[in-house]
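The values are calculated or read from the model by the stated rules, or taken from the named source; none is laboratory data. What you see is a predicted model; the values in this text were computed from it and never measured. Cβ placement follows ideal geometry from the backbone for every residue including glycine, while neighbour counts extend to all protein chains displayed.
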Amino acid sequence: MKKLFFFAIIPIKYEKETAIMKNFEERLRANNLKTTHQRLAILTEIDRAGHIDIDSLFKLITKSFPTMALGTLYRNITDLKNRLILSEVKVPLKKNVYEVTKEDHIHLVCQSCGKIEDFEPIKSVVFDEIADKSGYAIKATQVSITGVCQGCR
Ligand SMILES: [Zn+2]
Ligand SMILES: [Zn+2]
């Protein structure tokens, strides 16, 4: 019974990861970046982690690419960031983390366990009001809320 369950779950996971990889290949191509194994590995690891800092990412990546230097990882991250495939998230009192770019969303940061979660997309209404009142032409926004997560309370 246990074995059956195990075999049933593998192809689904594999299919999902293949679809994610395909999507990354398309994103790289659309942005005129060469699809390399390293870039795909970086994107896959960041996607799997959700949000990850450079040191933790470097540890994961060097498992598959033991010869990759930290500088090479930084260069790849910068290329992906410049093409907006990756976003850098500034977290109060913590090292910045990277995530695969998606719709602007609010980050919830647990000050107890350090977990970072995505919350709903940011309602642009608030920023329209801020732009109105301040006269700023808003180019980018990042909102993070620090608190204690449900599991830590
Ligand atoms: Zn927590
Ligand atoms: Zn996020």
TODO: May I ask you to verify whether Phe65 is surrounded by 14 or more Cβ atoms within 10 Å (Cβ to Cβ), of a type outside the set (Gly, Ala, Ser), more than 15 Å from Phe24 (Cβ to Cβ) and out of contact with any His (no Cβ under 9 Å at 6 or more places or on another chain)?
DONE: no
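A quick yes/no check of all residues on (1) at pLDDT 95 or above; (2) closer than 27 Å to Gln150 by Cβ; (3) not assigned by TED's automatic domain parsing to the domain that holds Thr146:
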site	(1), (2), (3)
Glu17	no, no, yes
Gly71	yes, no, yes
Arg83	no, no, yes
Asn96	no, yes, yes
Lys115	no, yes, no
- [ ] Would you be able to tell me the number of residues in the range 76-95 that are more than 15 Å from the chain's Cα centre (by Cα) and surrounded by 12 or more Cβ atoms within 10 Å (Cβ to Cβ)?
- [x] 1
TODO: Quick one: Asn96 ticks every box in (1) within 16 Å of ligand 1 (Cβ to nearest atom); (2) in contact (Cβ under 8 Å) with a residue 40 or more places away in the chain except a single one, so which number is it?
DONE: (1)
Task: Output for the range 72-112, where each listed residue is assigned to a loop (DSSP other than H, G, I, E, B) and away from ligand 2 (no atom under 16 Å from the Cβ) - done: Arg83, Leu93, Gln111, Ser112
TODO: May I ask you to list the residues in the range 110-125 that are under 24 Å from Gly50 (Cβ atoms) and without any contact (Cβ under 8 Å) to a residue 24 or more places away in the chain?
DONE: Gly114, Glu120, Pro121, Ile122, Lys123, Ser124
Task: Answer residue from the range 113-153, given it is of a type in the set (Gly, Ala, Ser) and assigned to a loop (DSSP other than H, G, I, E, B) and is surrounded by the most Cβ atoms within 10 Å (Cβ to Cβ) among those - done: Gly114
